[in-house]
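Data first, discussion second: the structure below is written as structure tokens.
The values are calculated or read from the model by the stated rules, or taken from the named source; none is laboratory data. Because the structure is predicted, anything quoted here is derived from the model rather than measured. Because the Cβ atoms are built from the backbone with ideal geometry, glycine has one as well, and the counts that use them run over all protein chains shown.
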Amino acid sequence: MSANVLSGSRNVAIVGPYLSGKTTLLESILSVTGAISRKGKVADRNTVGDSSTEARDRQMSVELNAASTDYGGIRFTFLDCPGSVEFVQETYNALIGVDAAIVVCEPDANRVLTLAPLLQFLDNWEIPHLVFINKMDRAQGNFAEILQALKGVSSRPLVLHQYPIGQGEYLTGFIDLVTEQAYQYHPGAPADPIPLPADLEDQEQAARLEMLETLADFDDHLLEELLEEINPTEDEILQDLKMELGADLIVPVFVGVAEQDFGVRPLLNALLREAPDAQSTIERRGITLEDAQAPLAQVLKTYFTPQGGKLSLVRVWQGTLTDGMTLNGIRVGGIYQLAGQQQQSIPQAPAGSIVALGRLEGIKTGDTLNTDAQLVDMLPKAERLNPVYALAIAAEKRSDEVKLSTAINKLLEEDPSLFWEQHGDTHEVILWGQGDIHLQVALDRLRRKYNLPMNTHLPQVPYKETIRKASSAIHGRYKHQTGGHGQFGDVYLDIKPLARGEGFTFKETIVGGVVPKQYIPGVEMGVREYLGHGPLGYPVVDVLVTLTNGSYHGVDSSEQAFKQAARLAMQEGMPKCEPTLLEPIVAITINVPSDFTSKVLRLLSGRRGQILGYDSKPNWRGWDQVLAHLPQAEMHTLIVELRSLTMGVGFFDWQFDHLQEVPDKVMERVLAKNGK
């Protein structure tokens with residue numbers, strides 16, 4: 001591969017919380033670099049990012065958008081990532097393919113906490129990133145408070161690259177702490193150099209010294225210079241910034257107002273000078289094949305477009321991709337440069353680029369692409385998030401049901417954080433995701449792309465039932481006479497409860513052949529069929545049924561007759577065994593900043609949760625993990641309330657743990673609701 005090709009490209013993700021202004025920043029970057037002639041606005045629904053119908057209807061990013069531009073002789077590809085926590089899987093999938101990330105945030109110390117999970121992911125993957133404090137014309141509180149709050153959520157030291165110059169509440173310029181040159185902003189034009197304001201000299205000197213001292217923690221030569229009071233050169237400082245940013249050791253901080261293009265050019269210049277190039281990223285990630293020219297790519301996002309069909313957005317790590325070549329046994333059906341929903345066909349894609357490949361059927365997000373079938377799972381992928389919110393769905397038209405599974409599987413290719421199941425007990429089709437907006441977007445896509453409008457309702461809780469006491473010698477006789485052979489079966493059953501989790505056991509203690517062996521399987525079949533729908537209306541578990549006695553007719557008896565006799569015996573006996581309702585209990589691990597732990601404990605207690613304990617979350621500074629058992633019936637809106645309590649950053653993992661008797665008062669409500 002050509003190092004020159006790789007050094008001439010940068011792939012940068014734009015990430016940050018909802019409403020921080022990421023799409024506006026991308027629009028400003030494309031305008032400043034000349035990639036677009038007219039800058040759009042999110043409110044006007046005409047930006048390059050947020051290009052899908054679902055995004056524009058909600059005026060928020062709901063999927064990844066890519067756009068490329070040239071600046072300073074470098075080809076930049078920017079990935080505008082969703083900010084809502086409900087679409088964070090898109091962001092994580094994209095981040096594994098970039099060289100650096102711009103973390104966009106608002107100038108509000110109270111909202112800085114919303115960055116914590118994102119910064120943790122970046123540091124876990126050692127992805128170089130810098131912070132752009134946007135909307136500085138609407139700052140909440142003073143700059144020092146904002147910076148201190150940022151330091152509290154970053155595990156890497158922050159390095160202030162610029163110091164803001166303001167007039168009242170308005171941002172008017174900045175001081176470059178590397179060159180100590182002050183600049184004044186002008187709407188739609190580069191900032192002009194101005195003399196350093198005298199009233200900011202002390203703040204500038206203190207901020208610059210802190211920057212240099214942080215850099216000196218990783219550079220012994222710079223430390224010696226500072227101890228000897230030698231002022232380091234501009235080139236030396238920039239070299240330190242580049243090396244330490246590229247190693248994810250520091251987080252440079254920039255300020256601006258993207259809507260007015262303020263701070264965007266200095267941000268681009270920093271990416272040009274200091275951000276790692278594609279070759280550096282490959283070396284840092286240790287991505288190599290024995291054949292240095294062999295193609296190697298990874299899918300970051302899958303789209304299904306109305307015109308072009310399936311598109312796979314890929315990062316090319318090595319080699320050159322050409323139209324028509326075969327990857328993973330599939331022929332590439334076109335290579336495209338994307339700008340939102342616009343596609344430009346190109347003949348090839350060199351190493352270091354991010355492009356879309358057409359018609360890679362069967363290829364999923366995260367997959368490794370190459371010409372060697374033995375290397376399909378070579379590259380690590382972002383962990384798939386567990387679903388936390390569900391809706392039961394059904395096609396509005398019965399005739400559409402045959403198309404549903406195909407359409408949903410395409411949705412899942414586009415968005416791997418969705419999950420669907422045909423529930424065996426409730427017989428519902430259940431769509432799982434990361435929240436209500438997430439599922440509503442998926443349902444909008446089903447309607448718009450596949451003409452499949454859905455009806456939805458809350459999923460039923462998969463209750464089970466069991467018995468509290470035993471009953472013996474329950475008699476069931478089935479006798480039916482027709483014109484020919486009749487039907488005759490006669491059984492006596494004992495019914496006993498089993499320990500929780502033991503399921504169903506069938507035994508027989510027949511003596512003397514009163515029920516011939518060939519008819520006993522029919523008895524078990526009749527019992528099993530009855531247990532699918534017990535006296536309370538739910539599947540029955542944890543019971544032992546024993547066939548103890550019976551009789552037969554030499555001509556009229558059959559396996560089918562004994563099956564019916566067993567059902568009659570179960571219908572007679574089960575109501576006498578004190579049937580009771582069981583509910584599924586999940587084991588749940590809730591992760592929250594420690595300031596919110598007490599609120600989470602109250603939340604769980606209010607939902608009939610059993611708290612098992614809590615402790616510090618490993619490798620997450622200032623976070624706790626709360627372990628609990630929670631009835632599944634109490635889970636539906638848990639994620640909504642948890643996010644409301646924790647500024648959107650709380651999250652949980654869960655799995656089914658056991659069945660447990662429903663409290664009598666709750667059981668009365670459940671049975672009354674279901675007409676039992």
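Quick rundown of the values:
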item: Qualifying residue in the range 62-82 (condition: in a helix (DSSP H, G or I), in the same structural domain as residue 267 (by TED's automatic domain parsing), of a type in the set (Val, Ile, Thr) and under 19 Å from the mean Cα position of the chain (by Cα)); result: no
item: Per-region count, the range 285-316, residues in a loop (DSSP other than H, G, I, E, B), free of Cβ contacts under 8 Å to residues at least 40 places away in the same chain and over 23 Å from residue 52 (Cα atoms); result: 4
item: The listed residue being surrounded by 13 or more Cβ atoms within 10 Å (Cβ to Cβ), at pLDDT below 95, of a type in the set (D, E, K, R) and assigned by TED's automatic domain parsing to the domain that holds residue 262, out of 240, 176, 137; result: 137
item: Residue list for the range 494-542, filter: in contact (Cβ under 8 Å) with a residue 60 or more places away in the chain and not basic (Lys, Arg); result: 495, 497, 501, 534, 535, 536, 537, 538, 539, 540, 541, 542
item: Residue match in the range 555-563 (condition: more than 24 Å from residue 634 (Cα to Cα) and assigned to a strand (DSSP E or B)); result: yes
item: Checklist (1) out of contact with any strand residue (DSSP E or B) (no Cβ under 8 Å at 6 or more places or on another chain); (2) hydroxyl-bearing (Ser, Thr, Tyr); (3) under 28 Å from residue 412 (Cβ atoms); (4) touching a residue at least 60 places away in the same chain (Cβ under 8 Å) applied to residue 326, failing item; result: (4)
item: Test for residue 382: is it touching a helix residue (DSSP H, G or I) at 6+ places or on another chain (Cβ under 9 Å) and part of a strand (DSSP E or B); result: no
item: Residue match in the range 7-23 (condition: closer than 25 Å to residue 253 by Cβ and either of a type in the set (Asp, Glu) or outside the structural domain of residue 263 (by TED's automatic domain parsing) (or both)); result: no
item: Filtered residues of the range 220-242 (kept if in contact (Cβ under 8 Å) with a residue 24 or more places away in the chain and under 41 Å from the mean Cα position of the chain (by Cα)); result: 237, 238, 240, 241, 242
item: Residues of the range 398-434 that turn out to be assigned to a loop (DSSP other than H, G, I, E, B) and either touching a residue at least 24 places away in the same chain (Cβ under 8 Å) or assigned by TED's automatic domain parsing to the domain that holds residue 648 (or both), as a count; result: 9
item: Considering residues of the range 573-626 that are polar (S, T, N, Q) and more than 25 Å from the chain's Cα centre (by Cα) only, the residue farthest from residue 538 (Cα to Cα); result: 598
item: Qualifying residue in the range 661-668 (condition: surrounded by 14 or more Cβ atoms within 10 Å (Cβ to Cβ) and of a type in the set (Lys, Arg)); result: no
item: Residues satisfying the stated conditions in the range 543-556, i.e. under 55 Å from the mean Cα position of the chain (by Cα) and in contact (Cβ under 8 Å) with a residue 60 or more places away in the chain; result: 543, 548
item: Members of the range 332-360 that are within 27 Å of residue 292 (Cβ to Cβ) and without any contact (Cβ under 8 Å) to a residue 24 or more places away in the chain; result: 335, 346
item: Matching option when the condition is in a strand (DSSP E or B) and either more than 20 Å from residue 25 (Cβ to Cβ) or outside the structural domain of residue 621 (by TED's automatic domain parsing) (or both), among 121, 132; result: 132
item: Among residues of the range 340-359, those that are within 24 Å of residue 281 (Cβ to Cβ), out of contact with any helix residue (DSSP H, G or I) (no Cβ under 6 Å at 6 or more places or on another chain) and assigned to a loop (DSSP other than H, G, I, E, B), counted; result: 2
item: Odd one out for residue 144 among (1) part of a helix (DSSP H, G or I); (2) surrounded by fewer than 21 Cβ atoms within 10 Å (Cβ to Cβ); (3) modelled with pLDDT of 95 or more; result: (3)
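Residue-by-condition table, conditions (1) on the phi > 0 side of the Ramachandran plot; (2) among the polar types (S, T, N, Q); (3) in contact with a Leu (Cβ under 9 Å, 6 or more places away or on another chain):
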| site | (1), (2), (3) |
| --- | --- |
| 577 | no, no, no |
| 595 | no, no, yes |
| 615 | no, no, yes |
| 620 | no, no, no |
| 627 | no, no, yes |
| 646 | no, yes, yes |
| 659 | no, no, yes |
| 668 | no, no, no |
